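Worksheet: one structure, shown below.
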Amino acid sequence: MNRLKHNVNNRFFMGLLCSLIVISQSSYAVACPFCSAPSLTLTEQLSQSDVAVLAQWTEAEKGTLEKAGKTVFEIKEIVKQSDKDKLKVGDKIVINRHRPGKKGNLFLLLGTKGTSVDWGDPIEVTETSFHYISQAPPPEEKTSKRLRYFLKFLEYPDQMVANDAYAEFANAPYEDITPLAKDMPREKIRKWVVDSNTPVTRLGLYGLLLGLCGQESDVAFMEKKINEPTKEFRLGIDGVISGYLLLTGADGLDKIDETKFIPKKVAFSETYAAMQALRFMWTYADGRISKDRLRKSMRLLLDRPELTDLVVADLARWDDWSVLDRLMEMYGTGDYDIPSIKRAIVRYLLVASKGKNKKGGGADPATAEKAKLLLDKLRKEDPKTVKSAERFFFFK
């Protein structure tokens, strides 16, 4: 029981890192599901500015209680301005705040226009990163075309460039990444997946990319990475597992069942990562693995009480009504006698009781009627749980 409590706490932590799971038919986020990135990339910031210049740091004064600090820059290149703007190379720009620097340091200054130009925080650049930004395709261009440009700069030696190129992929819809499979630098991606210098936040993306461009010889390579012994949370391993499943299909899922789902001693975070990969395959992988086969693996996780409430929610979302009797047998017994699990089962019954919906999903009439009867039974036997489950139940 102590192990179960520990894993429940782990799951709460994982939930903060991942996403809130509710029973609904709403879609998942459209951006890369295994990536984290800033809200605005450099090209987006440039696109949203009214004025942009490359400038050199000249001098700066720190502020005091009596007056604000200031920083002086000299324009070296005009990147963007309207016909009405009068900025030219050699002009000085004074920003009323202190920005430390050295003579000759380069900065990208982005401004928005009101009665005067309001300059944002100066972005320090090198000649390399400035050319990267200024030559990048604007956000208005087709995403897959833009990504071909940024693909060349993943893990680029200039850290600003590498971070921004990653951010462009992290913010891109998965369906816009897949057309690049033939252009992806497979050998480089293999190295990035196992390189200890690769930022862990990028592992999920690189695992996914390797799944898209990989070959038969990459299967054992990815299996070795997935099955590394660990008791620690591995950020991004869900993306590696998803890439592996893209590459191997149902045969690979058989091995994930054997290594991540069936054994009870596997670290909670590893099983949860594999569960995230199942969700990815269901939502994005366009039949690479059949729906019935994905449901089969998800049902295995009903044997893990620390995951059961999440599993039940997914099975309802996936129209898997085959476990209705099993859930009722589990309800309130042993390790499953946990409020969150009981509420999840009630919500499963609520979804089933709705029957078929306009989109063709939902339970058949006989299952829907059975679910209604079981709900009536629980309302009499456990009214508090049913009321609580209905209170926070959202279904579309």
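List the relative contact order of the chain as a percent without decimals, with contacts defined as Cα pairs under 8 Å and 6+ residues apart.
Relative contact order here is 14 percent.
So what is the orientation-averaged projected area of segment 42-133, using the convex hull of its C-alpha atoms, in nm²? Mind dumping the intermediate values first?
Numbers: hull surface 24.8 nm².
Reported value for the Cα convex hull: 6.2 nm².
Please work out the Cα convex hull volume for segment 206-254 and give it in Å³ per residue. Numbers along the way, then the final one.
Working: hull volume 3.3 nm³, N = 49.
Each residue corresponds to 67 Å³ of Cα convex hull volume.
Tell me, what is the 1.4 Å probe accessible area of LYS145, in Å² to the nearest 10?
LYS145 has an accessible surface of roughly 120 Å² with all protein chains in place.
Can you give me the solvent accessible area of GLU369 with a 1.4 Å probe, rounded to the nearest 10 Å²?
Surface accessible to solvent at GLU369 totals approximately 90 Å².
Which helices, taking whole DSSP H runs in the chain, have alpha carbons extending 18 angstrom or more along the helix axis plus mean Kyte-Doolittle at least -0.5?
2-17, 268-284, 339-353
Compactness ratio of the chain: Cα Rg over 2.2 N^0.38 Å, N = residue count?
Compactness ratio reported: 1.24.
What does the C-alpha gyration tensor say about the overall shape of segment 192-308? Classify as rounded when a/c is under 1.5, otherwise prolate if a/b is larger than b/c, or oblate.
Judged from the Cα gyration tensor, segment 192-308 comes out oblate (a/c at least 1.5, b/c at or above a/b).
What ranking, highest mean first, results for peptides 48-57, 263-272, 190-199 when packing means the other Cβ atoms within 10 Å averaged over each residue?
Values: 48-57: 19.6, 263-272: 17.5, 190-199: 14.4.
Most protected by this proxy first, the peptides run 48-57, 263-272, 190-199.
Summing -39500 (n - 2.57) over the DSSP H runs of n ≥ 4 in the chain and dividing by its residue number, what mean residue ellipticity at 222 nm do you reach, to the nearest 500 deg cm²/dmol? Don't skip to the answer; put the middle values down first.
Details: 18 runs with 190 residues, N = 396.
Taken over the chain, the calculation gives -14500 deg cm²/dmol.
Identify all aspartates and glutamates with a Cα-Cα distance to LYS231 below 16 Å; exclude those on the same chain that are fewer than 8 residues away in sequence.
GLU270
Cα gyration tensor of segment 250-396, axes a ≥ b ≥ c as square roots of the eigenvalues: rounded (a/c below 1.5), prolate (a/b > b/c) or oblate?
oblate
Just subtract the alpha-carbon distance of SER116 and THR198 from 0.36 nm times their residue separation and send over the number in nm, one decimal.
My answer for the length gained is 25.2 nm.
Out of the total accessible area of the chain (probe 1.4 Å, heavy atoms of protein only), what percent is carbon and sulfur?
Percent of accessible area from carbon and sulfur atoms in the chain: 52.
Please go through the residue pairs LYS291/LYS358; LYS224/LYS264; LYS145/LYS188; LYS142/LYS191 and name each one whose alpha carbons sit more than 23 Å apart in this structure.
LYS142/LYS191
If you count only protein heavy atoms with a 1.4 Å probe, what accessible area per residue comes out for segment 42-133, rounded to a whole Å²?
58 Å²
Using the eigenvalues of the Cα gyration tensor, what equivalent ellipsoid semi-axes result for segment 325-391 when each is taken as the square root of five times the eigenvalue, whole Å, largest first?
Values: eigenvalues 92, 28, 24 Å².
With the √(5λ) rule applied to segment 325-391, the semi-axes are 21, 12, 11 Å.
So how strong a dipole does segment 198-281 carry about its Cα centre when Lys and Arg Cβ are +1 and Asp and Glu Cβ are -1, to the nearest 20 debye?
My answer is approximately 340 debye.
Considering only protein heavy atoms, with the full assembly of protein chains and a 1.4 angstrom probe, order ASP320, ASP85, ASP254 by accessible area, largest first.
Descending order: ASP254, ASP85, ASP320.
For SER47, put the label point 7 Å out on the Cα→Cβ axis and report which residues of segment 122-163 keep their amide N under 16 Å from it.
It comes to 133-151, nothing else.
Only Lys, Arg, Asp and Glu count, each charged at its Cβ (+1, +1, -1, -1), so figure out the dipole size of the chain about its Cα centre, rounded to 20 debye. Can you show the working numbers first?
On the way: 62 positive and 54 negative charges, 198 e Å.
Here the size comes out at about 960 debye.
When ranked by the protection proxy of mean other Cβ atoms within 10 Å per residue, highest first, what sequence do the peptides 160-173, 233-246 form?
Most protected by this proxy first, the peptides run 233-246, 160-173.
The values are calculated or read from the model by the stated rules, or taken from the named source; none is laboratory data. All values derive from a computational prediction rather than experimental measurement. When we count neighbours, we look across all protein chains shown, and the Cβ atoms used for this are built from the backbone with ideal geometry, even at glycine. Heads up: the accessible areas ignore ligands, DNA and RNA and are worked out on the full protein's heavy atoms, side chains in. Shrake-Rupley method; radii C 1.70, N 1.55, O 1.52, S 1.80 Å.
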